[in-house]
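To start, the structure under review is shown below, and the notes come after it.
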Amino acid sequence: MTTAQLIGQDPGWIIAVKGLLVFAVCVLLTLMAVWGERRIVARMQMRLGPNRVGPFGLVQALADGVKLALKEDLIPAAADKIVFIIAPIISATTCFMSFAVIPVTGKVSLFGHETVMQMTDLPVGVLYVLAIASVGVYGIVLAGWSSGSTYPLLGGLRSSAQVISYEVAMGLSLVAVFIYSGSMSTSDIVAAQSKWWFAVVLFPSFVIYSISMVGETNRAPFDLAEAEGELVGGFHTEYSSLKFALFFLAEYVNIVAVSALATTLFLGGYHALPGLTFTETWLGGWFTLFWFFAKVLFFFFIFVWLRGTLPRLRYDQFMKFGWKVLIPVSLFWIMVVATMRVLSLRGASRVTVLICASAVVAIVLLVNMAYESSKKKISKASQRGPEIPAPFAVPALPNSREEV
Amino acid sequence: MSDQIEPTRRDLGLEPIQISSVESVPVSKNGASSFGKQLLGFWVTFKAMFKKVNTVQYPEVKEPTAPRFHGRHQLNRHPDGLEKCIGCELCAWACPADAIYVEGASNTEENRMSPGERYGKVYQINYLRCIFCGLCIEACPTRALTMTNEYELADNSRSSLIYEKADLLAPLRDGMLMPPHPMYPDMNDTNYYKGDVLGFHPSQEVQT
């Protein structure tokens, strides 16, 4: 019986329980994630982080949430009131929706009912996740626009440009996964990785996805939409109280969502690490939950690590990186993957495939070498001629400066 | 010209340095080597996670300050308990923030607070104004005013941050008598200043 058929047999109350669990787990993960992020970043900066509220400061995020909820809810006079209220709701609702198609466990029994912990199994599940992510951008854009203020508007525009740009790269990196697994359904993709994870087979796609998921969630070093030094708070500058809390929640749930998607598509979903597959049957299959969340938390740690390490990119650098590096590279990679796939499906010998692969690598290296040497020539040609003597004590002229 | 000792324009920083004559070092290189260096940065932050944290759990754990930290002031006493302050107001005059208020008064034989003629009758330091620069300490001619290392001076009312003489006076140590009491027999204020008085004399004890 396929996963889709198994889920199709769920009675209504099981679906309700699953929905409730998705919500509860996401909110709980957010609370833990906020705490974990602050603690980890603090350790990276040789601080302790929050350790006052509760044991090890564990309920710090909850305390912050309560504080936010009790704050005065301001709506600026210049704001478009209805849109201003709707925007955070859009953000906070869409972020949960992508979890509907994420398979969290293998076959388990929930209150004596055989099922898998996945709300629904769409044949185009991954496309659905991408679509939901795009709808989530509306929350940010509308928040920026409806605030009736400059910085939020700039932040919202940046954010929308950013998410749209990086979604292209993200979508392209997923194409390789579709080609290899032959399906867009998340459960089929997980099943296709039972032998080799796609993170190994499709390593370039994995790298591109990992980079673009950071861009997609507006996180450091790509958090241009809320660059404090430039835009105050970005799109949520004018928000306070619960509406701000909703954006905050949405940001973290989004992180968990893209991490969960990365786990599903590249790290074998709920499957155990290679060599530990016997653990998948422990606790009646519920132990796969551990593997899933271990992988999600691994991605979350990467997010925190990035934030602790890299400075924020400039906007033009960021856009250049997205459009001129990530997208061409993933287009090229897809071409390679498609060729390989067709070759191996047509029954070409392993030697042919290997020769093709090494030819591709050689071509890439040659092109790169040619590019580097041409750059060196250009930089040599641009070296300055003789010095211009300065007869008087005047400030250096702009053209007497060395181009770096 | 050559025997002039005047500084040149260049020495004075008036002449601009020729940027084109300075060897240019590219800030960063593109390509694989730069990428490798960026990856090194990840290792730095990862390593830092296992280093000892610098945080001091302040209210519970208190680290000693630097020995000459400028903290709360203290009005010192002579070894027999008489006050060192002579009410000269030099500290108040030295204060750039106008935080000190002093009123001097004359010592009498019945009411002697300090050796010599005068003593500080009213002594107030306003810690809302004080900038802890220590100029008052430099101005004090008798070393009556010094600073302690105490830094926990926060409070929730303005009036409680104006410290009176009673708040600032050093506590009585062993061998000290609570003034007013007479001076050490056969000693004058110069002897006190030189440090000839090492403790109180039984004749100084007076019942009030």
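The values are calculated or read from the model by the stated rules, or taken from the named source; none is laboratory data. Computed from a predicted model, the values in this text were never measured in an experiment. All Cβ positions, glycine included, derive from the backbone under ideal geometry; neighbour counts span all protein chains shown. We work out accessible area using only protein heavy atoms, side chains counted, and drop any ligands, DNA or RNA first. Shrake-Rupley method; radii C 1.70, N 1.55, O 1.52, S 1.80 Å.
Brief remarks on what is shown
- Alpha carbon centroid spacing (whole Å) that separates the stretch A:295-355 from the stretch A:95-128: 27 Å
- Residue by residue along B:44-55, Cβ atoms of other protein chains within 10 Å of the local Cβ number 5 on average.
- A:Leu70/B:Gln57 FRET efficiency (R0 35 Å; Cβ-Cβ; nearest 0.05): 0.80
- Using the average count of surrounding beta-carbon atoms within 10 Å as a protection proxy, the listed peptides A:120-128, A:368-376, B:112-120, A:46-54 rank, highest first, as B:112-120, A:120-128, A:46-54, A:368-376.
- Note on chain A: with a GNM built from Cα contacts shorter than 10 Å, the maximum mean-square fluctuation among A:Ile255, A:Ile102, A:Ile89 falls on A:Ile89.
- What the Cβ-Cβ distance of A:Val364 and A:Arg314 gives, at R0 = 35 Å and to the nearest 0.05, is a FRET efficiency of 0.80.
- Theoretical ellipticity at 222 nm over chain A - DSSP helices of four or more residues, -39500 (n - 2.57) apiece, nearest 500: -21000 deg cm²/dmol
- Cβ neighbours within 10 Å from other chains - mean over A:26-34: 0
- Sorted on the mean count of surrounding Cβ atoms within 10 Å across their residues, most packed first, peptides B:127-134, B:62-69, A:160-167, B:80-87 read B:80-87, A:160-167, B:127-134, B:62-69.
- Put A:Trp333, A:Trp145 in order of accessible area, highest first, and with a 1.4 Å probe you get A:Trp145, A:Trp333.
- Taking the charge dipole of the protein assembly as shown about its Cα centre, with +1 at Lys and Arg Cβ atoms and -1 at Asp and Glu Cβ atoms, the residue from A:Pro55, A:Thr3, B:Ala99 reaching farthest to the positive side is A:Thr3.
- Selection from A:Ile82, A:Thr105, A:Phe300 lying farthest towards where the dipole of the stretch A:3-341 points positive, charges on Cβ: A:Phe300
- Per-q log10 I(q)/I(0), the protein assembly as shown, q = 0.08 Å⁻¹ (Debye; single scatterer per alpha-carbon; no solvent): -0.82
- Where Rh is the Kirkwood radius over Cα pairs, Rg/Rh for the stretch A:1-47: 1.35
- If you look at the Cα atoms of the stretch B:68-165, you get an Rg and a Dmax of 13.5, 41 Å.
- In the context of the full protein assembly, B:Asp189 retains an accessible surface of approximately 80 Å², using a probe radius of 1.4 Å and ignoring ligands and nucleic acids.
- Taking 0.36 nm per residue of separation and subtracting the Cα-Cα distance, full extension of the segment from B:Phe132 to B:Asn188 would add 16.8 nm.
- Computed about the Cα centre, the dipole magnitude for the stretch A:3-341 is approximately 700 debye when only Lys and Arg (+1) and Asp and Glu (-1) carry charge, each at its Cβ.
- Take each residue of peptide A:42-49, count the partner chain Cβ atoms within 10 Å of its Cβ, and average: the result is 5.
- Assigned charges on the beta-carbon of Lys, Arg, Asp, Glu; the protein assembly as shown dipole about Cα centre (debye): 2780 debye
- Placing unit charges on each Cβ (+1 for Lys and Arg, -1 for Asp and Glu) gives the protein assembly as shown a dipole about its Cα centre, and among B:Met183, B:Met147, A:Gly148 the Cα reaching farthest toward its positive end belongs to A:Gly148.
- Taking every full run of DSSP H in chain A, the ones that stretch at least 15 Å from end to end by Cα along their long axis and average 0.5 or higher on the Kyte-Doolittle scale are A:12-44, A:81-97, A:125-146, A:150-181, A:203-216, A:241-266, A:288-309, A:327-345, A:350-381.
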